[in-house]
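The values are calculated or read from the model by the stated rules, or taken from the named source; none is laboratory data. Bear in mind the structure is a predicted one, so any value in this text is a computation, not a measurement. Quick reminder, even Gly has a Cβ in these numbers, built from the backbone with ideal geometry, and neighbours come from all protein chains shown. The accessibility values were calculated without ligands, DNA or RNA, using every heavy atom of the protein model including side chains. Shrake-Rupley method; radii C 1.70, N 1.55, O 1.52, S 1.80 Å.
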Amino acid sequence: MQELSRLATAIMFLTRLPTGALASGDPAELVRSTRYFPLVGLIVGSMLALSLALLQLLLPATVAIALMLLLSVRLTGAFHEDGLADVADSAGAFGVDRKLEIMRDSRVGTYGALALILLVVIKLLSLWELWQLAPELCLAVLVCAHILSRWSSVCLMVMEDYARPEAANKVVAEGVDRRCLWHSSLCAGVALLPLALWQGAALYSLFIVAWLAVLVAGRQFRRAFGGITGDCLGAANQVVEVLVFLSVLMVVSWH
């Protein structure tokens, strides 16, 4: 029951899916729930893959993918996309304090708007190309991307310091340690197993893509902000998701 509550807490934190009274608002429980972040990715990714498979029976692939992306926003509340937009907006500022101030602003600027537009375009086109080449692989990669993008958040919280000492999220981010990362990595590996059995063990190589993206993103966040924020986690999440799509698309296209 305790582990079910932690899974519900992870679902509550990362999505807009109802969890009822199972989820906990205790920061300590939220820290422990990070082990299930990849499983939340599996749940969301599976729902999106199923919706895409059904939609494409009724509509052209491009429209089906666009509607699936709309459902993705509905399921997650654009939680991660908001982080990407805030980080992108901060790129136009100089100095750590000014960048952090811009990220607190709820308004979306030019950089943020462009980042979101390009994000949707890249997702739409890369998934459409993958669908044309190998529909079943496209569905598997869609789920895989959601698993690894949630895993990336745990990696960043372990690797980087929190940039805002006064933020309420700091106690959560700093509570995530290497043991949490080990549990999360194990969970991600198990979540990927059905996909690997379906489409091949090569899908596990996408861990490398996600890990390299985390290393680069962590370095950039350290230089720009002196560490990470919640927005940084969301931005990295979206970058990992897109890189998984593009990596598989490049490999499939070459063959």
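Observations on the structure shown:
- Test: residue in segment 146-166 that is out of contact with any strand residue (DSSP E or B) (no Cβ under 9 Å at 6 or more places or on another chain), open to solvent by 70 Å² or more (accessible area, probe 1.4 Å) and more than 28 Å from Ala202 (Cβ to Cβ): yes
- Answer from Ala93, Ala66, Ala78, Ala21 - the residue that is open to solvent by less than 40 Å² (accessible area, probe 1.4 Å) and either more than 28 Å from Ser185 (Cβ to Cβ) or in contact with a helix residue (DSSP H, G or I) (Cβ under 7 Å, 6 or more places away or on another chain) (or both): Ala93
- The listed residues are Ala191, Ala202, Ala140, Ala173, and the only one of them that is surrounded by 13 or more Cβ atoms within 10 Å (Cβ to Cβ) and at pLDDT below 95 turns out to be Ala173.
- Pair list, Cβ < 9 Å and 6+ apart or interchain, from segment 67-85 residues that are within 18 Å of Val121 (Cβ to Cβ) and modelled with pLDDT of 95 or more to residues that are surrounded by fewer than 17 Cβ atoms within 10 Å (Cβ to Cβ) and small (Gly, Ala, Ser): Ser72/Ala78
- Selection count, segment 220-255, where residues are within 17 Å of Arg150 (Cβ to Cβ) and without any contact (Cβ under 8 Å) to a residue 60 or more places away in the chain: 1
- For segment 121-130, the criterion of being under 18 Å from the mean Cα position of the chain (by Cα), among the hydroxyl-bearing types (Ser, Thr, Tyr), over 30 Å from Asp97 (Cα atoms) and in a helix (DSSP H, G or I) is satisfied by at least one residue.
- Residue within segment 116-134 that is of a type outside the set (A, V, I, L, M), over 17 Å from Ala235 (Cβ atoms) and buried (at least 21 other Cβ atoms within 10 Å of the Cβ) present: yes
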